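Enquirer: Sending over a structure as structure tokens; questions will come in a sec.
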Amino acid sequence: MINYCLIVLLFTVITAGQVIFPDGSRGLPGEDTLVQRRPPPSTRRPAIPQEPSLPRPLSSCPVNFRCSPLIQCQTIDLLNSDPTECNLETNKQLTGICCPKEINLIDNTTLPITAQFEIAGRRFETGFRLPKFPSTTIENAASNGLDWMRKIQLIEKELLKKNLIIKRGSSASFHQELLGHSDEALQLSRNGELINRVGIELAKGLRLKGTEQILALRSISLLNSPIRDRCPPERPCPSTKYRQPDGSCNNLNRPTLGKALSPFGRLLPPDYADSIDAPRASENGAPLPSARVLSLSLLPPSSQSSSRYSLMLMVFGQFIDHDLTLTVTTRLTRSSGIQCCPSQAEIDPSLLHPACISVILPPDDPFYSQFRTNCMAVVRSAAAPRPGCQSGPREQLNQLSSFIDGGMIYGNSEDEERALRSGISGFLVTSSTPVGSLLPRDVNASCQSVRRSASCFRGGDGRLNEHPQLTVLHTIWLRQHNLIASELHQLNPGWSDEIIFQEAKRIVVAQLQHIIYSEFLPVILGAKVMKAFDLNPRIKGSTRYDPSTDPSIVSGFATAAYRLHTLVPGLFELRNDNNQVVDRQRLSNLFFNPEILYDTQGISLMVNGLTGQPSGRSDDLFTPELTNNLFKTRSSPFGMDLISINIQRGRDHGIPDYNRWREACGLRRASNFRQLADTIPPELIEQLASLYQSVDDIDLFVAGNLEIKLPGAAVGPVFACIIAEQFRRLKEGDRFWYEHGQLESSFSKNQLMQIRKTTLARILCDNGDISKVQPLTMLLPSRWNPKIDCRDPTLGRLDLTPWINEPVWSNR
């Protein structure tokens, strides 16, 4: 495990390294001086007043506990609601909690009455004991839960009968279809909803409230209840060299950890209005401010270009997101989405689906009012059944494996992977076209291309058609796999299709991991955060796998911190090898439109655009293409507001307020709005105070985008904390991580040396039909990062000779 006090380094650099200008304003080296704010663009942000913060006298931790930031304590939901605070060693002004050093959770199925944990043979309790209750309490809760599900089924049957479903071709239908739903995901979500409802009924039967509900319900397993057939099964795992496509059996002791179609994890306990299920509300129980009003007031539609980041940073970040997160939303059937914004003439209010949490648009909305629309359809994410069939607060279902395993290239199940393989020499399926090999076509996909011959594509992730700049990255990595497979076949002609495929996939995933941690994350997080969380790739040697680390994608990361949508520009450019712009297209005209990929030089023009065009600036401004025209169709004059959806989704997932995340990351919890001044500019604090009733109401997504960016980073301190902690867990908790040594899946010393030569620039040169590229593709070309010839030897090429006669294994 890392030294947990290193996390404190993150917060000691909030203002360090900024350029201080004569007028007192601050800026970051390498980026525009300041985020240009409303109203006058020329006004620089004033210096942030630093108030002295004196440390409070805090208790020291008992034996077998350590003082660590809340976010690092993986057992926080088993502790008291008010755990013992302590001073972090390296900065007396930052607080943590006393967290158990080593945890061995007692099997909840054998001790269903109390939530306990054991440290070095000594048993500790949470401070709350669930009173004894008759077995009929669980039986009654299960019966009531089944009755509730039957009522929902009757409502859904009536909605389908009246055809009150999302109309195909609408923005809402594109949004819901984009999330994809397999039959297995739909069934699991149904089971999750039932188990979640039984938990609500249990809390009623036991007359529990607040934190008591969380502690009590987490200690009750439903494996022996009347709904045990709805509980997800587990299976033993063999130790293997190659990954399972769905991420199962990565952790041999906990086979479903990080598996596709398992719950998202948590860094903090959820904050639901009723502690179990209802979307988060204000501290006083009142509704939170309208998501659309917040979008317009605090995160308004505007756009500025970065002077540092290339568009590759944004699109590559999205590509990686599609390897990690895909939330299951509630649906009527696999093919029918829920209509959450029906007109009065269409539906009896009693038939409005309980999963609807639509955003009500203000009557004077500066954009939507002209179209006389007052509702934006948002549906709740489906509930997930917990491992061990525990009851407890609502969790959401991730359709993807949590690991960085190339799922967007290869799929997240054996069936998906098999459908993408050619069965010959380890190759993935391609479609041959006059412009070269492209992804396999999908004639059934929802597509907006005018040319009938320009069909959309299929790949490991169904969102690959969202816009062509994303599709081109899928194309490049498909080609990279086939390039590696071809070379392996030449070096080892006796290898079967299965072995070539598995070894090529193993290498490609390692290259992907290396690029993320050596090129992408340093730009997002900055050098000091990378060092503090031990995220930098090793120059030599190997790392160690930690099976106690939970690699699950956490809700705060997926729903807020990693949604870096300020980087999205409104216009996407095509550029030639000399970095000259040859065309520009509005993003809303590119949604689900792959036509450019079929054009001569289309891929090279897009790749050059990705590396040569500036991304949006890392600020609190979002392009109107996202705030008004998300998934706009040819038949509609408007689309959706992604920012409103992000805010609403955070509440749906019970994401705690920003103040709690500050505390979890080691910063002082603010007792009033003014005390946010160490992370948020004063003029924005005033706006927050005018919209939120309490400092404890502020949505994480909102405040995270208002944070002052860390030096050399694209995010502020709390977002950096969450993102870094997530990627630390993905590294340390992945048994197949490319740097880990002394495992059957480990690379040899010479093989690892070759993997470390990997650069995204080399992969683009080999597969992107380009002749020039800058070495650091996430940053714009410059005097110190010039475009160079793809034949330049400094763009190191992978030598696969260390794989000659590589020992072969089989998972089958």
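The values are calculated or read from the model by the stated rules, or taken from the named source; none is laboratory data. Keep in mind the model is a prediction, meaning the values are calculated, not measured. Note that each Cβ is placed from the backbone with ideal geometry, even for glycine, and that neighbours are counted across all protein chains shown.
Enquirer: Where in segment 146-261 are the helices (runs of 4 or more DSSP H), entirely inside, with at least 1 residues that are outside the structural domain of LYS632 (by the TED database) and without any contact (Cβ under 8 Å) to a residue 24 or more places away in the chain? Talk me through it step by step, then tell me what you get.
Expert: Numbers: elements: 171-179, 183-206, 211-218.
Per the criteria, 183-206.
Enquirer: Let me ask another. Looking at this structure, is ARG674 at pLDDT 95 or above, farther than 19 Å from ASP274 by Cα and surrounded by fewer than 18 Cβ atoms within 10 Å (Cβ to Cβ)? First the steps, then the outcome.
Expert: Details: at pLDDT 95 or above: yes; farther than 19 Å from ASP274 by Cα: yes; surrounded by fewer than 18 Cβ atoms within 10 Å (Cβ to Cβ): yes.
Considered against the rule, which asks whether it is at pLDDT 95 or above, farther than 19 Å from ASP274 by Cα and surrounded by fewer than 18 Cβ atoms within 10 Å (Cβ to Cβ), ARG674 comes out as yes.
Enquirer: Could you please tell me which pairs satisfy a Cβ distance under 7 Å, a separation of 6+ or placement on different chains, a first residue in segment 781-803 that is more than 30 Å from GLU503 (Cβ to Cβ) and in the same structural domain as GLN751 (by the TED database), and a second residue that is assigned to a loop (DSSP other than H, G, I, E, B) and of a type in the set (Gly, Ala, Ser)?
Expert: ASP789/SER771
Enquirer: Continuing with this model, one more query. Can you tell me which of ALA510, ALA532 is within 18 Å of ASP766 (Cβ to Cβ) and surrounded by 22 or more Cβ atoms within 10 Å (Cβ to Cβ)? Please lay out each step first, then the result.
Expert: Values: ALA532 fails: within 18 Å of ASP766 (Cβ to Cβ).
Checking each option against the conditions leaves just ALA510.
Enquirer: Determine which single condition ASP769 fails, assuming it passes every other condition in (1) out of contact with any Gly (no Cβ under 8 Å at 6 or more places or on another chain); (2) at pLDDT 95 or above; (3) on the phi > 0 side of the Ramachandran plot.
Expert: (1)
Enquirer: If the requirement is being part of a helix (DSSP H, G or I), surrounded by fewer than 22 Cβ atoms within 10 Å (Cβ to Cβ) and within 23 Å of the chain's Cα centre (by Cα), which of these qualifies: ASP321, ASP271, ASP277? Write out each step before concluding.
Expert: Details: ASP271 fails: part of a helix (DSSP H, G or I); ASP277 fails: part of a helix (DSSP H, G or I).
Matching residue, one of ASP321, ASP271, ASP277: ASP321.
Enquirer: With the requirement that a residue be over 25 Å from TYR272 (Cα atoms), of a type in the set (A, V, I, L, M, F, W, C), buried (at least 24 other Cβ atoms within 10 Å of the Cβ) and under 14 Å from the mean Cα position of the chain (by Cα), what does segment 370-415 give you? Walk me through how you get there before you give the answer.
Expert: Filtering segment 370-415 down to residues over 25 Å from TYR272 (Cα atoms) leaves 370-374, 401, 403-415.
Narrowing further to those that are of a type in the set (A, V, I, L, M, F, W, C): 371, 403-404, 408-409.
Retained after the next criterion (residues that are buried (at least 24 other Cβ atoms within 10 Å of the Cβ)): 403, 408-409.
Within segment 370-415, PHE403, MET408 meet the criteria.
Enquirer: Another question about this same structure. Filtering segment 534-565 down to residues that are polar (S, T, N, Q) and out of contact with any His (no Cβ under 8 Å at 6 or more places or on another chain), which residue is nearest to SER401 (Cα to Cα)?
Expert: Residues of segment 534-565 polar (S, T, N, Q): 536, 542-543, 548-549, 552, 555, 559.
From the residues that got through so far, the ones that are out of contact with any His (no Cβ under 8 Å at 6 or more places or on another chain) too are 536, 548-549, 552.
Details: ASN536: 23, SER548: 18, THR549: 16, SER552: 8 Å.
Ranking the qualifying residues of segment 534-565, first place goes to SER552.
Enquirer: Answer yes or no: is there a residue in segment 328-335 that is surrounded by fewer than 20 Cβ atoms within 10 Å (Cβ to Cβ) and touching a residue at least 24 places away in the same chain (Cβ under 8 Å). Can you show your working first?
Expert: Filtering segment 328-335 for residues surrounded by fewer than 20 Cβ atoms within 10 Å (Cβ to Cβ) gives 333-335.
So of that shortlist, the ones also touching a residue at least 24 places away in the same chain (Cβ under 8 Å) come out as 333-334.
The answer is yes, given that some residue of segment 328-335 is surrounded by fewer than 20 Cβ atoms within 10 Å (Cβ to Cβ) and touching a residue at least 24 places away in the same chain (Cβ under 8 Å).
Conditions tested, residue by residue: (1) among the acidic types (Asp, Glu); (2) buried (at least 20 other Cβ atoms within 10 Å of the Cβ); (3) in the same structural domain as GLN469 (by the TED database).
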site	(1), (2), (3)
ASN578	no, no, yes
VAL581	no, no, yes
ASN589	no, no, yes
ASP599	yes, no, yes
ILE603	no, yes, yes
ASN608	no, yes, yes
SER618	no, yes, yes
GLU625	yes, yes, yes
LYS632	no, yes, yes
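Enquirer: A further question follows. Using the structure shown, decide if PHE673 is within 28 Å of ALA527 (Cβ to Cβ) and either in contact (Cβ under 8 Å) with a residue 60 or more places away in the chain or not basic (Lys, Arg) (or both).
Expert: No: the conditions fail for PHE673.
Enquirer: With touching a Leu at 6+ places or on another chain (Cβ under 7 Å) and either surrounded by fewer than 18 Cβ atoms within 10 Å (Cβ to Cβ) or assigned by the TED database to the domain that holds ARG756 (or both) as the only criterion, which of ILE499, ILE515 stands out?
Expert: Details: ILE499 fails: touching a Leu at 6+ places or on another chain (Cβ under 7 Å).
Only one candidate passes the filter, namely ILE515.
Enquirer: Can you name every residue in segment 605-637 that is out of contact with any Ser or Thr (no Cβ under 8 Å at 6 or more places or on another chain) and either modelled with pLDDT of 95 or more or aliphatic (A, V, I, L, M) (or both)? Walk me through it before giving the result.
Expert: Initial filter on segment 605-637 (out of contact with any Ser or Thr (no Cβ under 8 Å at 6 or more places or on another chain)): 605-609, 626, 628, 634-635, 637.
The answer is LEU605, MET606, VAL607, ASN608, GLY609, LEU626.
Enquirer: While we're here: For a quick check of your reading of the model, give me the residue pairs whose first member lies in segment 406-434 and is basic (Lys, Arg) and in a loop (DSSP other than H, G, I, E, B), whose second is surrounded by 13 or more Cβ atoms within 10 Å (Cβ to Cβ) and modelled with pLDDT of 95 or more, with beta-carbon atoms closer than 7 Å and at least 6 apart or on different chains.
Expert: Note: no pairs meet the criteria.
Enquirer: Another question, then. Here is a list of conditions, (1) surrounded by fewer than 22 Cβ atoms within 10 Å (Cβ to Cβ); (2) in a strand (DSSP E or B), and SER306 meets all of them except one; can you say which number that is?
Expert: If we test SER306 against (1) surrounded by fewer than 22 Cβ atoms within 10 Å (Cβ to Cβ); (2) in a strand (DSSP E or B), just (1) comes out false.
Enquirer: Quickly run through segment 751-810 and pick out the residues that are within 23 Å of PRO614 (Cβ to Cβ) and of a type in the set (A, V, I, L, M).
Expert: LEU760, ALA761, ILE763, LEU764, ILE770, VAL773, LEU776, MET778, LEU779, LEU780, ILE788, LEU795
Enquirer: Can you list the helices (runs of 4 or more DSSP H) lying wholly within segment 514-622 that have 2 or more residues being among the polar types (S, T, N, Q), closer than 25 Å to SER431 by Cβ and over 18 Å from the mean Cα position of the chain (by Cα)?
Expert: Output list reads 602-612.
Enquirer: Mind checking which residues of segment 280-302 are among the charged types (D, E, K, R), at pLDDT below 95 and under 23 Å from the mean Cα position of the chain (by Cα)? Even if it seems obvious, please write down each step before you answer.
Expert: Step one: filter segment 280-302 for residues among the charged types (D, E, K, R), giving 280, 283, 292.
When the remaining residues are screened for being at pLDDT below 95, the result is 283.
The answer is none; no residue qualifies.
Enquirer: Still on this structure, I have one more. Is it true that some residue in segment 750-768 is part of a loop (DSSP other than H, G, I, E, B), crowded, with 17+ Cβ neighbours inside 10 Å and in contact with a strand residue (DSSP E or B) (Cβ under 8 Å, 6 or more places away or on another chain)?
Expert: No, segment 750-768 contains no residue that is part of a loop (DSSP other than H, G, I, E, B), crowded, with 17+ Cβ neighbours inside 10 Å and in contact with a strand residue (DSSP E or B) (Cβ under 8 Å, 6 or more places away or on another chain).
Enquirer: Please verify whether ILE338 is buried (at least 20 other Cβ atoms within 10 Å of the Cβ), in contact with a strand residue (DSSP E or B) (Cβ under 6 Å, 6 or more places away or on another chain) and not small (Gly, Ala, Ser), treating the condition exactly as stated. If you could, list the steps in order and put the result at the bottom.
Expert: On the way: buried (at least 20 other Cβ atoms within 10 Å of the Cβ): yes; in contact with a strand residue (DSSP E or B) (Cβ under 6 Å, 6 or more places away or on another chain): yes; not small (Gly, Ala, Ser): yes.
So ILE338 fits the description; yes.
Enquirer: Another one. Suppose the filter is under 20 Å from the mean Cα position of the chain (by Cα) and among the β-branched types (Val, Ile, Thr); does VAL328 pass it? Break it down stepwise before answering.
Expert: Working: under 20 Å from the mean Cα position of the chain (by Cα): yes; among the β-branched types (Val, Ile, Thr): yes.
Here the answer is yes, as VAL328 does meet what is asked.
One line per residue, one yes/no per condition, for (1) farther than 22 Å from PRO69 by Cα; (2) part of a helix (DSSP H, G or I):
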residue	(1), (2)
LEU667	no, no
SER671	no, no
ARG674	yes, yes
THR679	no, no
GLN687	yes, yes
SER690	yes, yes
GLN693	yes, no
VAL702	yes, yes
LEU710	no, no
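Enquirer: What tally of residues in segment 589-614 results from selecting those that are farther than 17 Å from ASP442 by Cα and touching a residue at least 12 places away in the same chain (Cβ under 8 Å)? Steps first, please.
Expert: Filtering segment 589-614 down to residues farther than 17 Å from ASP442 by Cα leaves 589-590, 599-614.
Okay, now just the ones that are also touching a residue at least 12 places away in the same chain (Cβ under 8 Å), so 590, 599-614.
Of the residues in segment 589-614, 17 are farther than 17 Å from ASP442 by Cα and touching a residue at least 12 places away in the same chain (Cβ under 8 Å).
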